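Quick notes on the structure that follows.
The values are calculated or read from the model by the stated rules, or taken from the named source; none is laboratory data. Quantities reported herein were computed from a predicted structural model and do not represent experimental measurements. So basically every Cβ, Gly included, is an ideal-geometry build from the backbone, and we count neighbours across all protein chains shown.
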Amino acid sequence: MKIGRIVDMSHGMIPGKENFKLEVRNYPVEEIMPQVKRRKDLWYILSEVVFSSHVGTHIESWPTLLQKMAQDSFLYLRSFQIN
């Protein structure tokens with residue numbers, strides 16, 4: 001990959017269909033903010049989005065991840081060492 005090139009690897013997410021929590025709730029604006037007045041012919045909503053920090057696409061830093069995995073494995077195996 002060229003340095004400086006950005007590749008979008010994101011994908012669409014569907015609430016209730018992901019491996020991790022993703023919820024979206026829409027509310028009429030006046031339900032959340034009664035002071036707001038809107039014309040009845042206008043659609044005006046507020047959305048609440050709740051999601052897990054692991055939902056969606058992310059890229060691991062492989063050198064850092066592998067180093068961390070090696071350290072974790074070493075510590076795990078070392079925990080079984082009998083003195």
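In region 36-71, how many residues are exposed (fewer than 11 other Cβ atoms within 10 Å of the Cβ), modelled with pLDDT of 70 or more and charged (D, E, K, R)?
Going through region 36-71 one residue at a time, the tally reaches 5.
Hey, among MET1, MET33, MET9, MET13, which residue is surrounded by 10 or more Cβ atoms within 10 Å (Cβ to Cβ) and modelled with pLDDT under 90?
MET13
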